[in-house]
Amino acid sequence: MKKVMFYCQHILGMGHLIRSVEIVRGLIPDFQICFINGGQVIKEFEFPPEIEVVNIPAIKTDSEFTELTPVDDSLTMSELETIRTKILLDTCDRFQPDILIIELFPFGRRRFSFELIPLMEKAKAMGTKIVSSVRDIVVTKQNQQRHEEKVCRLINKYFDMLLIHGDPNFVKLNLSFSRVADLSCPVHYTGYVVQPLPQPQPIANKPLILVSVGGGRFGHDLLECVAHTASILKDQIPHHLQVFTGAFSPDEVLVKLQQITEDLDNITIERYTPNFLNYMQQADLSIGMGGYNTTMNILSTGVKAMMMAFQGNNDKEQETRLKKLDSLGRVKMIYPEDLQPEKFALQIINYLQQDKTELPLDLDGVNNTREYIKHMVKQHTTLAS
């Protein structure tokens, strides 16, 4: 069985980790997998038991992406860089991958070049094929021309294939990266990567409004607005608000929200659930941030959604996707000025009464990714023989 080494670095939320693990899950029947997790370990998060997971010492960032810091504060960044690079190179030596898949780089995560360039150099020397795995919209930079020049140079030097996890009939990568035509490796759109829907387990509180903000390092203003809105909604519509603050949410955020709502019986506030999709399948409305995975959850479950875009670091990814979904009538976009409890309660009530538009997007990204990887291996084997 051919071997795939998959590198994933999540530094703020959980989106990159969730999408990467779904891709890997789809590869399991055909490949032996070694998964490199460079972000903070989430104890409740379950990896597929069939794969080897290597948790290298984790790195995180703030919401403005101004500074990378070790999760373990007993280490300096310099020490961490040395340790991580050694583990990656040793793992590559030991595992001997046929394919190395690197998530997001070089369209993002270029501050991790200290370990990725040596890893790719080693992989290339071993004859390993290297694949870049990116979402449909990437972060733009202040000096976009220089950024795109660097991306082209790195892709054309090291990578054998680029997989874009999106539907070109909805959004093309060209919208956020203009030089796709200058990339010398094969470029494929896979369709969107979605999590498989579980068999529904009944939820006691119905009808349900589900509220979430991804990993929980941001979106606290939205959560606080929902907490204050609960008392207004209490006597206006039959419902229960189920709030998840996120695996990385600070303790003080969770405590504050629970204090605001302690006398209300129409809202429950918890940090995290591994059964998030079960809640979404049965919700009448989802309220949350506009990350890739939450958006895919909404499209695959069919739930109505009100969504707010992350604005940190001048990042337009979520805003771009949500504005398009809003214009097509699939979601209602939440703006910062909407976060006033009286106004927000009225928007929720009105939106629940509106019809929802369905969008025929390609959500088969997991299967299509597997087929592209299998085809690459087959081509390489044929050429080698």
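Quick notes on this one:
- Where a label projected 7 Å from the Cα of Leu383 along Cα→Cβ would reach, residues of region 124-153 with amide N under 16 Å: 124-132
- Sorted by Cβ neighbour density within 10 Å, fewest at the top, the residues Asp284, Asp98: Asp284, Asp98
- Contact order for the chain, expressed relative to its length and based on alpha carbon pairs under 8 Å spaced 6+ residues apart, stands at 15 percent.
- Under a Gaussian network description of the chain, with springs only between Cα atoms under 10 Å, the residue in Glu50, Glu317, Glu67 that fluctuates furthest is Glu67.
- Environment charge of Met333, counting only residues whose C-beta is closer than 15 Å and scoring Lys/Arg +1, Asp/Glu -1: +4
- The convex hull around the C-alpha trace of region 1-73, projected and averaged over every direction, spans 5.0 square nanometres.
- Subtracting the Cα-Cα distance of Ser184 and Glu252 from their residue separation scaled by 0.36 nm leaves 19.6 nm.
- Packing order of peptides 350-356, 162-168, 2-8, 143-149, highest average first: 2-8, 162-168, 143-149, 350-356 (average count of other Cβ atoms within 10 Å over each peptide's residues).
- Only Lys, Arg, Asp and Glu carry charge here, each on its Cβ (+1 for the first two, -1 for the last two); on that basis region 60-207 has a dipole of about 380 debye about its Cα centre.
- Globularity ratio of region 208-352, using Cα Rg and 2.2 N^0.38 Å: 0.96
- Euclidean distance between Cα centres, region 229-273 to region 22-53, Å: 32
- Gaussian network model of the chain, Cα within-10 Å springs - most flexible of Phe244, Phe344, Phe114: Phe114
- Nearest-20 debye value, the chain charge dipole, Cβ charges on Lys, Arg, Asp, Glu: 1360
- Straightening the chain between Lys356 and Asn169 buys 65.3 nm, computed as 0.36 nm per residue apart minus the Cα-Cα spacing.
- Entry note, region 208-352: relative contact order of 26 percent, from Cα contacts under 8 Å with a spacing of 6+ residues.
- For region 190-240, the square roots of the Cα gyration tensor eigenvalues, ordered a ≥ b ≥ c, give a/c of at least 1.5 with a/b no greater than b/c, which places it in the oblate category.
- Per principal axis, descending, Cα span of the chain in whole Å: 71, 48, 43
- Only helices enter this figure: runs of n ≥ 4 DSSP H residues, each worth -39500 (n - 2.57), summed and divided by the residues of the chain, yield -12000 deg cm²/dmol at 222 nm to the nearest 500.
- Counted by Cβ distance under 11 Å from Phe35, the other residues give a net charge of -2, where Lys and Arg count +1 and Asp and Glu count -1.
- Under 14 Å, Cβ to Cβ, from Ser176 - net charge with Lys/Arg +1 and Asp/Glu -1: +3
- Dipole magnitude of region 291-363 about its Cα centre (Cβ charges: Lys, Arg +1; Asp, Glu -1), debye to nearest 20: 100
- With 0.36 nm allotted per residue and the present C-alpha distance subtracted, the Asp284-Gln259 stretch has 6.4 nm of extension available.
Here, each number is a calculation from the coordinates, and none is a lab measurement. Since the structure is predicted, the reported quantities are computational estimates derived from the model, not experimental observations. Because the Cβ atoms are built from the backbone with ideal geometry, glycine has one as well, and the counts that use them run over all protein chains shown.
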